[in-house]
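All remarks here apply to the structure that follows.
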């Protein structure tokens, strides 16, 4: 079966997995892939999730840091379970920490977050742990979890997970401007970010507080 359409970066990551595995007989960790491309692990995590969804990477087993395998192009492809998918209607995978002011740090292995009946069952949702106070006036504090619907398009005023041109990610409200985008914090002493381009990785649909 031919390889499905991939972005340039996705093809680079897939090629790196293929070369690394051939050389070391094991697959690389997310951290090693992130170091190879000079970006953070959240950025790589998003690309890897897409490669799994497209059926060109598959996970041998849950909880194994080197468990991703490249699927041969002429073999039947069957997408492995994407790490961001909940394992039941009441569990969301915590992918890591989302910066509310600084770059992101992620965890290597997602952890489950029990949410009972809080989750919408007709949308793909993942969770991020907030680091920083830049959205505090929206009631989001350092250490809270935000529930994010995986979307690539957002309306003005929605709170989004935005990946910037330098591949750093942040949590802000988004507004379209004449020459790009404004990412607006919710903090009295912080200025908005003005960027010519960005990538929306999801829209915040809820907050869970850790007391």
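The values are calculated or read from the model by the stated rules, or taken from the named source; none is laboratory data. Only a predicted model underlies this, so the values are computations on that prediction, with no experimental measurement involved. So basically every Cβ, Gly included, is an ideal-geometry build from the backbone, and we count neighbours across all protein chains shown.
Would the range 120-143 turn up any residue that is modelled with pLDDT under 85, in the same structural domain as residue 158 (by TED's automatic domain parsing), at positive phi and not in a loop (DSSP other than H, G, I, E, B)? Checked against the condition, which is being modelled with pLDDT under 85, in the same structural domain as residue 158 (by TED's automatic domain parsing), at positive phi and not in a loop (DSSP other than H, G, I, E, B), the range 120-143 yields no hits at all. Looking only at the range 100-117, filter to residues that are over 27 Å from residue 68 (Cα atoms) and surrounded by fewer than 14 Cβ atoms within 10 Å (Cβ to Cβ); which one of those is modelled with the highest pLDDT? So, considering only residues that are over 27 Å from residue 68 (Cα atoms) and surrounded by fewer than 14 Cβ atoms within 10 Å (Cβ to Cβ), the one modelled with the highest pLDDT is 102.
Among 197, 154, which is the only one that is outside any strand (DSSP E or B), out of contact with any helix residue (DSSP H, G or I) (no Cβ under 7 Å at 6 or more places or on another chain), more than 17 Å from residue 98 (Cβ to Cβ) and not assigned by TED's automatic domain parsing to the domain that holds residue 46?
Being outside any strand (DSSP E or B), out of contact with any helix residue (DSSP H, G or I) (no Cβ under 7 Å at 6 or more places or on another chain), more than 17 Å from residue 98 (Cβ to Cβ) and not assigned by TED's automatic domain parsing to the domain that holds residue 46 holds for just one of 197, 154, which is 197.
Here is the figure for the range 157-194: residues that are in contact with a helix residue (DSSP H, G or I) (Cβ under 8 Å, 6 or more places away or on another chain) and surrounded by fewer than 17 Cβ atoms within 10 Å (Cβ to Cβ) total 2.
Scanning the range 1-28 for residues that are under 13 Å from residue 70 (Cα atoms) and part of a loop (DSSP other than H, G, I, E, B) yields 3, 25, 26, 27, 28. Among the residues of the range 29-51, is there at least one that is over 23 Å from residue 128 (Cβ atoms), outside any helix (DSSP H, G or I) and touching a helix residue (DSSP H, G or I) at 6+ places or on another chain (Cβ under 7 Å)? Taking every residue of the range 29-51 in turn, none turns out to be over 23 Å from residue 128 (Cβ atoms), outside any helix (DSSP H, G or I) and touching a helix residue (DSSP H, G or I) at 6+ places or on another chain (Cβ under 7 Å).
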